[in-house]
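Peer 1: Structure provided below as C-alpha cells; questions to follow.
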Amino acid sequence: MILLRELYTRLASLSLGIWLMLGVVVLLGVGSFSGGGAESSSINDMPLFYWLKETPIVFSWWLWLTIGLLGVLALNTVLCSIESLRSKYGRAKFLTLIAPQVMHAGFLFIVLAHLFSAYGGLKGVMQVNEGESIGFPDGTRIELGNINAETGPMGMMTGYSADVRYGTSGGIMKQTISPNHPFFYKGFGVYLKDVQAVPYRIALVEIHREPGAALALAGALLFTIGNVVLLAVRRGR
C-alpha cells in the first residue's frame, strides 16, 4: 500500500511532468537532426504507426521512446488535475480552479487526436489524367476535369486549378480546387499539388485523411481558452 502511494505521488508530481516534457523535446530534437531513418522511410508520407511498423528500430527508437514519454505525461496530466481539484476544491475561486484543468483537457485532446490520426490516417499522392476518377473506400468516386494551367508573359506557370465532379442525392456537383483551396469529401482532403498542361493534362493530387483533426482543433481551443482565463485571473490579482 505504501509503495502504491509512493508511486502515485511520483506520477502526480509537477516535477515529473517537467522532466517528461524536457525528455520529449530532447528526443524529438535527436530524431529531427539524425535524418536517415525519417527521410529514407518517408515519415511525412504515411500514418505514424504504419511508419513505425515498417521502419527498423535502429531508425525509429527515438520515436518509440517519445511515444512512451507522452503516454506517461498524459497519465501525469490526469493525476495532476485530480490532485489539483482535490486540494483546491472549496478554497479557490471557480475560474482559478477550473482554468488549469481546461488547459490539461486541451492537451489530452491533442494527444488523443494525434493517436487517432497515427492509427487511422491516410496519405497518398497520385497522378490523375484529365477526365479520370479517384475511388474511395465506400465505393464512391470523384472525377477530375478541366485541368487548367495559367502562364505569365515569360511562359512561367503562375497558377493552376482543376474541377472536381461528384455525385450527390441532388445530382452531379462541381467544385474547383487549387493550391490552398482543397476539396473535402467524406472525411478525405483532396489537394491539388501540381499540374502538367502538355503534352497531356495531368494533375498531381494528394489525398489526406486525418481522423483526429476535429479533436485536435477542440484541444487547441480548450488549451487557449484555459490559458487566457488563467492569465486574466492572475492579472486581476
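Peer 1: Taking only protein heavy atoms into account and a 1.4 Å probe, give the accessible area per residue of the chain in Å².
Peer 2: Values: 15240 Å² over 237 residues.
Value for the chain: 64 Å² per residue.
Peer 1: Going Cα to Cα from Lys53, which lysines come in below 21 Å? Please leave out same-chain ones fewer than 8 positions away.
Peer 2: Lys123
Peer 1: Going by average Cβ neighbours within 10 Å, how do the peptides 113-122, 164-173 rank, with the highest at the top? Write down the numbers at each step before the final one.
Peer 2: Working: 113-122: 17.7, 164-173: 11.1.
Going from most to least packed, we get 113-122, 164-173.
Peer 1: Follow-up. How much of the calculated P(r) for the stretch 105-196 lies past 18 Å, in percent of all Cα pairs?
Peer 2: Details: 2333 of 4186 pairs.
Tail of the P(r) past 18 Å holds 56 percent of the pairs.
Peer 1: Treating cross-link reach as a plain straight distance, find the aspartates and glutamates whose alpha-carbon is under 15 Å from the alpha-carbon of Lys193, omitting any fewer than eight places away in the same chain.
Peer 2: Asp45, Glu130, Glu150, Asp163, Glu206
Peer 1: Moving to a separate point now. Would you kindly work out the equivalent ellipsoid of the chain from its C-alpha gyration tensor and give its semi-axes, the square roots of five times the eigenvalues, largest first in whole Å?
Peer 2: Numbers: eigenvalues 407, 108, 58 Å².
Equivalent-ellipsoid dimensions as semi-axes: 45, 23, 17 Å.
Peer 1: OK, next. When the accessible area of the stretch 95-237 is computed with all protein chains present and a 1.4 Å probe, what percentage of it is carbon and sulfur?
Peer 2: Working: 5260 of 8680 Å².
Percent of accessible area from carbon and sulfur atoms in the stretch 95-237: 61.
Peer 1: List the residues whose amide H sits under 5 Å from the amide H of Asp194, counting only those 5 or more places along or on another chain, with H placed 1.01 Å from N in the peptide plane.
Peer 2: So Asp194 has HN proximity to Leu204.
Peer 1: Now, a different point. Sequence-distant or interchain residues sharing an amide H contact under 5 Å with Tyr160, placed H: which?
Peer 2: Glu150
Peer 1: How high is the relative contact order of the stretch 23-151, given as a whole-number percent (alpha carbon pairs under 8 Å, six or more residues apart)? Kindly include the intermediate steps, with their values, before the conclusion.
Peer 2: Numbers: 82 pairs, mean separation 33.5, N = 129.
Result for the stretch 23-151 is 26 percent.
The values are calculated or read from the model by the stated rules, or taken from the named source; none is laboratory data. Owing to the predicted nature of the structure, the values given are computational and were not obtained by experimental measurement. Backbone-built Cβ (ideal geometry, glycine too); neighbour counts: all protein chains shown. Note: accessible area is taken over every heavy atom of the protein model, side chains too, but ligands, DNA and RNA are not part of it. Shrake-Rupley method; radii C 1.70, N 1.55, O 1.52, S 1.80 Å.
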